[in-house]
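The values are calculated or read from the model by the stated rules, or taken from the named source; none is laboratory data. Not measured: the values here are computed from a predicted model. Accessible surface areas use protein heavy atoms only, side chains included; no ligands, DNA or RNA. Shrake-Rupley method; radii C 1.70, N 1.55, O 1.52, S 1.80 Å.
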Amino acid sequence: MRHTVPMAPEFTILGRGRAGRALAAAWGPRVALLDHDARPGGLVLLAVPDRAVAELAAAFPGRCVHLAGSLHLPGIPCAHPLTSFDGEPRDWTGTPVAVTGAVPDLLRRAFGDLGFAAFDLPGELKPLYHAAAVLSSGHAASLWLGAEALLRAHGVALPGRGLLPLAEATLHNVAALGAAGRTGPFVRGDEATIARDAEALPDPWREIFLKLGRSLG
């Protein structure tokens, strides 16, 4: 009887958060997924909070890569996937992964095998890059959730999927048309509607509404 020899992991992911679990599940036996306090040999991918990167990286000199999108540590390479992880593997085809520093070819290929598209990002531009990511992800989610909370507070319960179909249609239009995919009173220059809507909002939502609406001219 022929026995199959288990494949040795090519590298280790340190950290069992959402990013670590999702990537480990996608890479399967190519990786080992371990806790923060493990000290494995070989190449290590640090999927840990930003505040823990520097200390952990010191334990793996010359053989670790971190995932922190905003943090630049000279001499410690970074590969930051531009996505929102939920702990499960997904289809990441065409998703950018920002590469800063000398990320090993093995790891570049591993991300490429999952569909990620690598691009080189200078370390000094990482905070700006990450701020743009936060605006388009975390802040966008805050806007949608905040809008629903405002409606609920005034007794308006949207049926079905609530504001999500609007959000999805907007993203679809922007993906297809770019800036021309924007709609609404700010695009139309409808000042009467803008003023009426703004008056209905409490602070600081009124300020956010007006500043964001006029931010692209």
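Helix 18-27 versus the longest principal axis of the chain: what angle, 0 to 90°, nearest 10, using Cα atoms?
That helix lies at roughly 50 degrees to the long axis.
Show me, for region 166-183, the HN-Hα J-couplings you get by feeding each phi into the Karplus relation (A = 6.51, B = -1.76, C = 1.60, θ = phi - 60°), rounded to Hz, glycine and proline as x.
Result, ordered by residue: 5, 4, 5, 5, 5, 4, 4, 5, 5, 4, 7, 10, x, 4, 5, x, 6, 10 Hz.
Quick one: plug the Kirkwood hydrodynamic radius of region 1-103 (C-alpha pairs) into Stokes-Einstein at 20 °C, 1.002 mPa s, and report D in µm²/s.
For these conditions, the coefficient is 151 µm²/s.
Leaving out ligands, DNA and RNA, what percent of the accessible area of the chain is carbon and sulfur, probe 1.4 Å?
Within the chain, the accessible surface is 60 percent carbon and sulfur.
Do you know the relative contact order of the chain, to the nearest whole percent, from alpha carbon pairs under 8 angstrom that are 6+ apart?
12
With no solvent and one equal point scatterer per Cα, compute the Debye intensity ratio I(q)/I(0) for region 132-177 at 0.13 Å⁻¹ and report its log10, rounded to two decimals.
-0.35
From the gyration tensor of the Cα coordinates in region 155-206, what semi-axes in whole Å does the equivalent ellipsoid have, largest first, with each one equal to sqrt(5λ)? Intermediate values should be presented prior to the final figure.
Values: eigenvalues 98, 72, 15 Å².
Each semi-axis is the square root of five times an eigenvalue, giving 22, 19, 9 Å.
So what are region 101-217's ellipsoid semi-axes, whole angstrom, largest first, if each one is the square root of 5 times an eigenvalue of the alpha-carbon gyration tensor?
Each semi-axis is √(5λ); the values are 35, 18, 15 Å.
How are the C-alpha pair distances of the chain spread across 5 Å bins, as whole percents from the shortest bin up?
1, 6, 11, 15, 15, 12, 9, 10, 9, 6, 3, 1, 1, 0, 0, 0, 0
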